[in-house]
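Have a look at the structure below before the remarks.
The values are calculated or read from the model by the stated rules, or taken from the named source; none is laboratory data. Note that the structure is a prediction, hence the values are computed from the model and not measured. Positions of Cβ are generated from backbone atoms using ideal geometry, with glycine treated the same way; all protein chains shown enter the neighbour counts. When the accessible area is computed, the model is the full protein with side chains, heavy atoms only, and any ligands, DNA or RNA have been set aside. Shrake-Rupley method; radii C 1.70, N 1.55, O 1.52, S 1.80 Å.
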Amino acid sequence: MPYISTNPSNTSDVVAEIELGTSRDFVDAAQRAKAAQRAWARVPAPVRGQVIGNIGRLVEANFEPLSQLVTREIGKPIAEARGEVQEIVDTANFFLGEGRRLYGQTVPSEMADKQLFTFRNPVGVAAIITAGNFPVAVPSWYIIPALLCGNSVVWKPAEYSAASAQAFYDVFQAAGIPAGVFEIVFAEGSETFDGLEQSLRQGLVDKVGFTGSSEVGVRIGELCGRHLQTPCLELGGKNPMVVTEDADLDLAVQGALFAGFGSAGQRCTSLGTAIVHESVYDEFLTRFVEAAAGATVGDPTGDVLYGPLLDEKFALAYEKYLGWIGEHHTVHGPTGRISASSPRDGFTGENGFFYHPAIVSGVRDDDELFLQETFGPLVGVMGYSDLDEAIELGNKPGYGLSCSIYTTDPNKAFRFRAGISAGMVSVNNSTSGAEAHLPFGGNGKSGNGSRQSGVWVLDQFTRWQSMNWDYSGKLQKAQMDTLAIEANLDFRLA
């Protein structure tokens, strides 16, 4: 089945045409990965780290072409696309060193002439399924540590970012990865799910990593649970930003603008609702609306706040979210698609999926706009009276990925951190922004507590193995043949 990937900034520009595979193709790729994995695991970890280092150098050498391709295919502003490609380099640089630090421990035994050890072993075959809003950065968070740990990988990228995915795969292949160790499969969702189900049933897949919607994440979690596996799930978000009465409002507005509208609001960490103290509510809202009205939207190859939505299906979904705006809401500025009949000052785009930034105030805690992820350039604004109320509002939608608080009071910052359910907290910074050596992931509807990036992701792609070595020449039984030292526990000072 053919699939055509087009430029969302100019829908007449065909970026790539690919042939979508079937569930059988997915299973075949898993079989090849299974066959290649043991030999790859026998390669010493520092040598695998050298391959990861090669990936980093190759991405640097192909930095600009890959960045430009990402911008062309998904409409991400070129500055953000370059940041995304840099994230691959950062991830490779971090895990290059981890090849020499896949540490276990030597543990003292309770018996003489006996030693205890722990080892990290690779899981086996990792099936990685990723979205296309971060077509190269997020896959690297999974694939680089999985390969470093001695696993083989079957990767199913999003169809609408097929050209970026193929370029990513080609760069990785040039780094010296053996045949079968890293497989790529293009397929639509139902075929992928069927292929994954068959692969799990046949014992071909040992770990699943998924980035995408919470709804699909639930299905994958259920499927893996039937095979006694715990997937790594990185799902959606409804990320709150709390603005306190003592906040630097100019800084808060900058953070809200980037968090809410950067990448056209198409990040899992995008700002969902600004929760603003009632004493600064009107002033913040005025400044935020002015900032959004003055921001440049359009051609992502230029200096713009954001470009188009990723693909037609995301545009259709976003139209549904706009339909959640009710009579009790106040909409600040035009909404919907930018067009001749609905123009925007300073717009630099042409024939693409470009939408006005939508700021909606008067949001209530029982609104769909408040409770559900709205993947696109839409930010809700609501007020609060005390910090405990703000924390409760931030937790209510049930997501738990990212959040931020703008305050000059350290007490508020730490109270917020302790009460909010999100896996990632920013103080005086955007809800978006990840670093390669910090754990990334969420709770609740945003994920199952698994974490990516840094040393924490190693627990996703390795399994702990313990070993005891008794060289006493006799059978020593734990908890029974241990040395007991007598003490007078009745002793008291006179």
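Brief remarks follow.
- Extreme residue, nearest to PRO46 (Cα to Cα), among residues of region 106-121 that are assigned to a strand (DSSP E or B) and open to solvent by less than 40 Å² (accessible area, probe 1.4 Å): THR118
- Qualifying position, being assigned by the TED database to the domain that holds GLY132, in contact (Cβ under 8 Å) with a residue 24 or more places away in the chain and open to solvent by less than 10 Å² (accessible area, probe 1.4 Å), among ALA16, ALA33, ALA45, ALA41: ALA33
- Condition check for THR431: part of a loop (DSSP other than H, G, I, E, B) and either farther than 20 Å from GLY260 by Cβ or open to solvent by 20 Å² or more (accessible area, probe 1.4 Å) (or both): no
- Matching option when the condition is surrounded by 17 or more Cβ atoms within 10 Å (Cβ to Cβ) and over 18 Å from ALA256 (Cα atoms), among ASP386, ASP345, ASP367: ASP367
- Filter result for LEU200 (in a loop (DSSP other than H, G, I, E, B) and outside the structural domain of VAL297 (by the TED database)): no
- Members of region 169-197 that are in a helix (DSSP H, G or I), in contact (Cβ under 8 Å) with a residue 40 or more places away in the chain and farther than 17 Å from VAL27 by Cβ: VAL171, PHE172
- Hey, ASP246 farther than 19 Å from THR71 by Cα, of a type in the set (D, E, K, R) and out of contact with any Ser or Thr (no Cβ under 8 Å at 6 or more places or on another chain) or not: no
- If you go through region 62-105 and keep only what is among the hydrophobic types (A, V, I, L, M, F, W, C) and open to solvent by less than 10 Å² (accessible area, probe 1.4 Å), you end up with VAL70, ILE74, ALA81, VAL85, ILE88, VAL89, ALA92, PHE95.
- Selection status of LYS76, touching a residue at least 60 places away in the same chain (Cβ under 8 Å) and closer than 19 Å to PRO157 by Cα: yes
- All positions within region 186-211 that are open to solvent by less than 20 Å² (accessible area, probe 1.4 Å) and either among the hydroxyl-bearing types (Ser, Thr, Tyr) or within 24 Å of SER5 (Cβ to Cβ) (or both): ALA187, THR192, GLY195, LEU196, SER199, GLY209, PHE210, THR211
- Looking across region 310-336, the residues that are open to solvent by 70 Å² or more (accessible area, probe 1.4 Å), closer than 23 Å to VAL15 by Cα and of a type outside the set (A, V, I, L, M) come down to GLU312, LYS313.
- Selected residue (only one of GLY473, GLY441, GLY419 is open to solvent by less than 60 Å² (accessible area, probe 1.4 Å) and on the phi > 0 side of the Ramachandran plot): GLY441
So that you can scan it fast, the table gives a plain yes or no per residue for (1) free of Cβ contacts under 8 Å to residues at least 24 places away in the same chain; (2) in contact with a helix residue (DSSP H, G or I) (Cβ under 9 Å, 6 or more places away or on another chain):
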{"site": "LEU401", "(1), (2)": "no, no"}
{"site": "ALA413", "(1), (2)": "yes, no"}
{"site": "MET424", "(1), (2)": "no, no"}
{"site": "SER430", "(1), (2)": "no, yes"}
{"site": "GLY441", "(1), (2)": "no, yes"}
{"site": "LYS445", "(1), (2)": "no, yes"}
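- For region 282-302, a tally of residues being out of contact with any helix residue (DSSP H, G or I) (no Cβ under 9 Å at 6 or more places or on another chain), open to solvent by less than 30 Å² (accessible area, probe 1.4 Å), over 10 Å from HIS332 (Cα atoms) and in a helix (DSSP H, G or I) returns 0.
- Close contacts from region 318-335, counting a first residue that is in the same structural domain as GLY376 (by the TED database) and a second that is among the small types (Gly, Ala, Ser) and open to solvent by 40 Å² or more (accessible area, probe 1.4 Å), with Cβ to Cβ under 8 Å and a gap of 6+ residues or different chains, come to GLY333/ALA293.
- Of the criteria (1) under 19 Å from TYR169 (Cα atoms); (2) of a type in the set (Val, Ile, Thr); (3) touching a strand residue (DSSP E or B) at 6+ places or on another chain (Cβ under 6 Å), which one VAL14 fails: (1)
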